[in-house]
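Take this structure, written in structure tokens, and hold onto it; I'll ask about it next.
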């Protein structure tokens with residue numbers, strides 16, 4: 001929705017911290033490319049497939065689906081934007097529903113998740129582990145800590161209890177089917193489409209620094225390309241160079 005010279009309601013918000021890099025890497029993959037070379041030792045982002053992906057994202061901006069200056073991670077963040085009614089759709093994980101449900105019960109009750117349309121005949125998407133538990137190598141009780149992690153995260157019953165409490169998707173394949181999936185879907189109906197597409201997920205890879213790639217390299221260059229302060233070619237070249245420097 002445009003009022004005067006400003007967009008007051010976006011059609012599809014995909015320009016937040018997570019949504020923007022995930023959109024790019026997934027579309028690059030659907031276009032037939034790969035974000036890493038075959039042995040995983042270099043990023044391959046400045047490619048015809050990478051350009052095709054970023055051009056598609058830029059076309060959404062050009063067509064007035066979203067204004068990335070007014071809607072990004074620091075302005076009208078996707079969760080706030082969606083639940084406050086300033087964007088019709090948003091790309092964000094299902095954990096936002098229980099987070100916002102108390103303040104916006106009617107919106108949460110009417111919220112539905114749907115799979116994104118296939119591109120180039122592919123439903124593949126890039127995924128990683130989400131939230132995880134770690135143990136410092138310097139911990140004096142590392143063995144006991146790992147025992148707890150195995151108890152909390154690798155036992156299907158305990159892991160399912162965590163998902164039910166936190167409103168998150170299962171990290172265990174065993175909990176993505178059968179009774180565990182049915183219980184999660186009964187509690188969180190908006191989970192249902194996720195169980196259908198989980199087999200299409202492709203692991204993001206063993207990266208030198210995943211957050212550095214997504215948030216300090218990918219996000220700012222992708223946003224700059226969508227905002228028009230960098231060309232698509234400039235953004236892709238800078239992303240690939242800076243990403244590959246993380247292997248040093």
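Please sort 42-48, 210-216 by packing, taking for each peptide the average over its residues of neighbouring beta carbons within 10 angstrom, highest first.
The packing order, highest mean first, is 42-48, 210-216.
Ratio to report: Rg/Rh of segment 166-221, with Cα atoms as the point set and Rh obtained by the Kirkwood method; give two decimals.
Over the Cα atoms of segment 166-221, Rg/Rh equals 1.12.
I've got another one for you. What value does segment 131-203 have for Rg/Rh, both radii from Cα atoms and Rh as Kirkwood defines it?
Values: Rg = 14.1 Å, Rh = 13.4 Å.
Taking Rh as the inverse mean 1/r over Cα pairs, Rg/Rh reads 1.05.
Explain nothing, just the number: relative contact order of segment 131-203, from Cα pairs under 8 Å at least 6 residues apart, as a whole percent.
On the way: 37 pairs, mean separation 12.2, N = 73.
RCO, segment 131-203: 17 percent.
Divide by every residue of the chain the summed helix terms, -39500 (n - 2.57) for each DSSP H run of at least 4, and state the resulting mean residue ellipticity at 222 nm, rounded to the nearest 500 deg cm²/dmol.
So the calculated ellipticity at 222 nm is -12000 deg cm²/dmol.
Over all alpha-carbon pairs of the chain, lay out the pair-distance distribution in 10 Å bins, whole %, shortest bin first.
Final binned percentages: 7, 27, 33, 25, 8, 1, 0.
Right, something else. On a C-alpha basis, how far is the centre of segment 219-248 from the centre of segment 1-73 in Å? Whole number, if you could?
One Cα centre to the other: 12 Å.
Packing-wise, with mean Cβ within 10 Å as the measure, how do 240-247, 103-110 rank, highest first?
240-247, 103-110
Laboratory data are not the source of any read-out in this text; all were calculated from the coordinates shown. These numbers come from a predicted model, not from an experiment. Here Cβ is always computed from backbone atoms with ideal geometry, including for glycine, and neighbour counts include all displayed protein chains.
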